[in-house]
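**Q** Here's a structure for you.
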Amino acid sequence: MKWIKAGAVIIALCLGLVITNPAASFAADEVVADVLTDKQKQEIAALQKQALEQEKQIIEKYVEFGVFSEERADQIVKHLDQRFEQLEKDGFIPKPHRHGHHPHPDD
């Protein structure tokens, strides 16, 4: 039962990330990718950083409520940080979502 609850929470969290960050689920047009100015990138970076910090606060609340262990929360936060770093590296242009199974540490 605990695993079902944890799975449901993860699904809800993932859906929340798409809702709070709709750009994450869409790829930018090739033409658009090179037209962001430095100012626009800074603006997007600030919003993405704000969203990242909010996601981390949510994860900490799940730990506080006993939904996630500290270890699981650390894994999730590490993934969020990696995703932000990749987005930053890509100039804050969303990339296409890779379909298929992604290996997880628990697999």
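**Q** In segment 77-102, what residues are without any contact (Cβ under 8 Å) to a residue 24 or more places away in the chain and under 12 Å from the mean Cα position of the chain (by Cα)?
**A** Result: 77, 78, 79, 82, 83, 85, 86.
**Q** Looking at segment 34-71 only, could you name the residues that are touching a residue at least 60 places away in the same chain (Cβ under 8 Å) and either in a helix (DSSP H, G or I) or among the β-branched types (Val, Ile, Thr) (or both)?
**A** 67 - this is the single residue of segment 34-71 that is touching a residue at least 60 places away in the same chain (Cβ under 8 Å) and either in a helix (DSSP H, G or I) or among the β-branched types (Val, Ile, Thr) (or both).
We did not get these values from a lab; they are worked out from the coordinates using the rules stated. Keep in mind that what you see is a predicted model, and the values were worked out from it rather than measured. Here Cβ is always computed from backbone atoms with ideal geometry, including for glycine, and neighbour counts include all displayed protein chains.
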